[in-house]
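**Q** Structure provided below as C-alpha cells; questions to follow.
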Amino acid sequence: MRRQPRGLVNTFVGYSILIFFALVFLYPFVIQLANSLKTEPDAAANPLSPVPGPVSFASFERIFEGTDFPLWLGNSLLVTLVLTAGRVFFDSLAGYALARLRFAGRRAIFAGVVAVIAVPGVVLLIPKFLVLNQLGIYDSYTALILPIIVDAAGVFIMKQFFESVPASMEEAARIDGAGVFRTYWSVVLPMARPALITLTILSFQGSWNEFPHTLVAVQNPDLFTLPRGLADLVSGSLGTGTQYPLKLGAALLATIPVAVIFVIFQRYFVRGATEGAEKG
Amino acid sequence: MRTRSESLAGWLFVAPVVLILGVFLLLPILMALWVSLTGWNGQGSPFRSGVPFVGADNYTSLFTEDGLPRQDFMTSIRNNVYYVLLVVPAQTALALGLALVVNQRMLKRKGFFRTAFYFPSVTSSVAISVVFLFVFANSGAVNALLGAVGIDGPVWFDDSRGLIHVLLGTVGVDNPPGALANHSVLGLTWWDWVSGPSVAMCAIIVLVVWTTSGTFMLMFLAALQAIPQQVEEASLIDGANRWQRLRFVTIPMIRPTMFLVLTLGLISTWQVFDQIYVMSQGNPAKTTLTPAFLSYRTAFKDFEYGRGAAISFVLFLIIVVMTLVQRWMLRERRS
C-alpha cells in the first residue's frame, strides 16, 4: 500500500524523461521533412514549425531536375548492391572456414582479422588512395567497390555464429560424400539465415552511408554516390542562397532506404549493436 | 585425404578476404609509411627514384620545428582533446541514463522509445550533418528556440570563440593575462591552449552526442538486462537508495560494458571526420580542425602527401595509446 504513490510518481517521471528524449531524438527528422516541403522564406522564418506554410514541392522538383541527384542515386544503388552481395558472400565464406575447417594458418588469419577490426578507418584514407593510384584504378567503380568489398567485422560475426551452431548436420552431409563447398552452400548457408540477414542489413547500411572512402577513391562527379553528392551540394555547388529546403529534401531522400530497412528489420540492427557489446 | 581437401577448401574460402585485406589494407599502410618519409607531391608514382627522401622531417615538422605545420597540428590536437573531453562523458552518461530509464520494469512501450533513441545512429553521417547545419543555422531551429526564451543565439558556424575564453569574459577577463599570452608551448600560447572548444565545435559536439548515444544505450541495456534480479532485490532489502544502488551495485556489474563504451567512444572521437568535412571544413579560424581532417586536407588540398601520412600515423599512435592507457587504468582499479 505504501509503495503505490511512489510507484506512480516514478512511472510519471520515467515517461516524462522518455517522451522528452524521444522528442529530442526524433524532432530533427520532423523538422527535416517539414522544411523540405517549405518555400525558402518560410523555412527561414519558421524553422521550428512542423507544418509548412504553403506546402511546396519546388525543392523536390529541383532536386531531380536541377542537380545530379538521379545520377548519385543510381551510383549508390549499384555500389551498395555489389558491396552488400560481396560482403555477405566473402565474409560468410571466410567466417565458416575460420570456424569449422582445419587448415594450417587458420589461427594466424583469425588474429589478422581481429587486428584489422582494430585499425581506425580514418587513418587509412591516404594509404588507400596511394594503392588505388599505384594500381591505376583510382577514379573508377572498381575503386569505389573493390577495397571495401570484404569487411573484417563481418567475418568475425559469421565465425562467432558458425561456432555457436552444432556441426552434426554438415558432418552427415560430408559422410554422404558431399564436397566442402557443396555442403557449405546447400546445408550450412540455409541454417545460417539469421546471421546472414544481420550481415546483409549491416552491410547495406554501411555501404549506403559510406562517405570517406569515396573521397579518396573517386573525383569524377559522374562517379559520386549519394553521400558524396550531398556533401558536394552543401559545400556550395548550388550557387546562391542557403537553399535549405532543397538540401534537407536531398538528405531526406538519402535517408529513406536505411530508415525503411531499419523499421522492418529493427531486431537485426539491435542484434548487430549488442553482439559487439558481448564480444568486448 | 580428407584433411588435405579440407585444408585446400579452407584456404580457398579465406582467400578473397586475405587477398583484399592484404592488398587494400596491409600493403597501403606500408606504402604510406614510406610516403611519410618523402616529400611526394602527388605527381607520378611515389616510388620513383626522383621523389625526395626527407627522413623524419615530416614528423619533426609536427613537433619540434616552429612554423605553420606545427601550429596547425597542435591546434587540431587541442580541438580534438576538448572534443573528446566533452563528447565521451556526455554520450556515456546520456546512454547509461536512457538505458536505466528504458530498463525500468513498470514502463510499457519500451520498444518504441528504444527505436526512437537508436534511429539517429543508423542514418548517414552526411545526411544528418546537413540536417544539423539547418538546425544550427542563423535562422535555424536552435536559435529560434533560444529566441523564444529571450536569448540571442550565436552565429554557430562562424563563431570561433572558445568556451573557456567566453566564460572568462563573463567574469571580466577579456584580454589574456600576459603570462599566458606571452609564453607558448609547442607553437601555441598558453592562452590558446586553454581556449576550450569553440562555439562552432560545440554544435558538432551536440550532433555527435545525439547520433552516438543510441548505440551505446543499446549496449548498456543489454548489460542491464543481464543483471540477475536477485542482486537488485538484495540491495533493496539492504536499504540502499537509488544512487547507492547505481554506484555500488549496477555500475560494478556492468563494468565490462562500461569499458567497451568508453573505449569505443575514445577511438571514434579521435577519428571524427565526416561531420567536420560537411559542416565546417575546419573553420572558423581552424577551431574545428581535427587531426583526421588535417591529415586529409594536408594530403589532398595542399598536396603534401608525406606530411599528411605522417599526421595519420601520429593519430594512429594516439588512438592505440589511449586504448592501452584506458585498459591499464581499469585493470588497476579492479585488483
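**Q** For region A:75-96, check the following and say yes or no: at least one residue is over 23 Å from B:F136 (Cα atoms) and touching a Gly at 6+ places or on another chain (Cβ under 6 Å).
**A** There is at least one residue in region A:75-96 that is over 23 Å from B:F136 (Cα atoms) and touching a Gly at 6+ places or on another chain (Cβ under 6 Å).
**Q** Now, a different point. Taking region B:119-175 as the region of interest, how many residues are assigned to a loop (DSSP other than H, G, I, E, B) and farther than 18 Å from A:L33 by Cα? Give the steps one after another, and end with the answer.
**A** Taking region B:119-175 first, the residues assigned to a loop (DSSP other than H, G, I, E, B) are B:123-124, B:136-140, B:149-155, B:159-161, B:171-175.
Adding the requirement that they be farther than 18 Å from A:L33 by Cα leaves B:138, B:149-155, B:159-161, B:171-175.
Counting residues in region B:119-175 that are assigned to a loop (DSSP other than H, G, I, E, B) and farther than 18 Å from A:L33 by Cα gives 16.
**Q** Select from region B:99-118 the residues that are at the interface with chain A (Cβ under 7 Å from one of its Cβ atoms) and free of Cβ contacts under 8 Å to residues at least 40 places away in the same chain and list them in ascending order.
**A** B:V101, B:Q104, B:M106, B:L107, B:F113, B:T115, B:A116
**Q** Given the conditions (1) more than 9 Å from chain A (Cβ to nearest Cβ); (2) over 16 Å from the mean Cα position of the chain (by Cα), which single one is not true for B:I276?
**A** (2) is the only condition that B:I276 fails.
**Q** Something else about it: Kindly list the number of the only condition in (1) in contact with a Leu (Cβ under 9 Å, 6 or more places away or on another chain); (2) among the β-branched types (V, I, T); (3) more than 30 Å from B:S5 (Cα to Cα) that fails for A:I126.
**A** Here A:I126 meets the rest and fails (1).
**Q** Let me ask something else. For residues in region A:43-78 being of a type in the set (F, W, Y) and in a helix (DSSP H, G or I), which is surrounded by the most Cβ atoms within 10 Å (Cβ to Cβ)?
**A** A:W72
**Q** Does any residue of region A:79-92 turn out to be at pLDDT 90 or above, at the interface with chain B (Cβ under 8 Å from one of its Cβ atoms) and assigned to a helix (DSSP H, G or I)?
**A** Yes, region A:79-92 contains a residue that is at pLDDT 90 or above, at the interface with chain B (Cβ under 8 Å from one of its Cβ atoms) and assigned to a helix (DSSP H, G or I).
**Q** Identify all residues within region A:37-60 that are within 10 Å of another protein chain (Cβ to nearest Cβ) and either touching a strand residue (DSSP E or B) at 6+ places or on another chain (Cβ under 9 Å) or among the polar types (S, T, N, Q) (or both); write none if there are none.
**A** A:N46, A:S49
**Q** On the given criteria, is B:R109 at negative phi, basic (K, R) and out of contact with any Phe, Trp or Tyr (no Cβ under 7 Å at 6 or more places or on another chain)?
**A** Answer is no for this residue.
**Q** For residues that are in a helix (DSSP H, G or I) and either at pLDDT below 90 or out of contact with any Gly (no Cβ under 9 Å at 6 or more places or on another chain) (or both), tally how many sit in region A:126-139. Talk me through it step by step, then tell me what you get.
**A** Here is the first cut: in region A:126-139, the residues in a helix (DSSP H, G or I) are A:126-135.
In the following step, the residues that additionally are either at pLDDT below 90 or out of contact with any Gly (no Cβ under 9 Å at 6 or more places or on another chain) (or both) were identified as A:127-132, A:134-135.
Final tally of qualifying residues: 8.
**Q** Further, regarding this structure: So is A:A231 facing chain B (nearest Cβ under 10 Å), modelled with pLDDT under 80 and in contact with a Leu (Cβ under 9 Å, 6 or more places away or on another chain) or not?
**A** No.
**Q** Report yes if some residue within region A:176-186 is charged (D, E, K, R), assigned to a helix (DSSP H, G or I) and within 30 Å of the chain's Cα centre (by Cα); otherwise report no.
**A** No, every residue in region A:176-186 fails to be charged (D, E, K, R), assigned to a helix (DSSP H, G or I) and within 30 Å of the chain's Cα centre (by Cα).
**Q** Continuing with the same structure: Against the definition (within 9 Å of chain A (Cβ to nearest Cβ) and surrounded by fewer than 14 Cβ atoms within 10 Å (Cβ to Cβ)), how does B:A144 come out, yes or no?
**A** The answer is no for B:A144.
Each row is one residue, and each column tells you yes or no for (1) in the same structural domain as A:A251 (by TED's automatic domain parsing); (2) closer than 30 Å to B:N143 by Cα; (3) surrounded by fewer than 18 Cβ atoms within 10 Å (Cβ to Cβ).
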position: A:G7; (1), (2), (3): no, no, yes
position: A:V13; (1), (2), (3): no, yes, yes
position: A:F25; (1), (2), (3): no, yes, no
position: A:S92; (1), (2), (3): yes, no, no
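**Q** Identify all residues within region A:101-125 that are outside any helix (DSSP H, G or I) and farther than 30 Å from B:S295 by Cα; write none if there are none.
**A** A:L101, A:R102, A:F103, A:A104, A:G105
**Q** Restricting the search to region B:27-60, which residues are surrounded by fewer than 16 Cβ atoms within 10 Å (Cβ to Cβ), part of a helix (DSSP H, G or I), free of Cβ contacts under 8 Å to residues at least 60 places away in the same chain and within 10 Å of chain A (Cβ to nearest Cβ)?
**A** If the condition is that a residue be surrounded by fewer than 16 Cβ atoms within 10 Å (Cβ to Cβ), part of a helix (DSSP H, G or I), free of Cβ contacts under 8 Å to residues at least 60 places away in the same chain and within 10 Å of chain A (Cβ to nearest Cβ), then B:L30 is the only one that fits.
**Q** Among the residues that make up region A:125-136, is at least one of them without any contact (Cβ under 8 Å) to a residue 12 or more places away in the chain and surrounded by 23 or more Cβ atoms within 10 Å (Cβ to Cβ)?
**A** Checking region A:125-136: at least one residue is without any contact (Cβ under 8 Å) to a residue 12 or more places away in the chain and surrounded by 23 or more Cβ atoms within 10 Å (Cβ to Cβ).
The values are calculated or read from the model by the stated rules, or taken from the named source; none is laboratory data. Just so it is clear, the model here is predicted, and its values are computed rather than measured. Note that we place each Cβ from the backbone using ideal geometry, even for glycine, and neighbour counts take in every protein chain shown.
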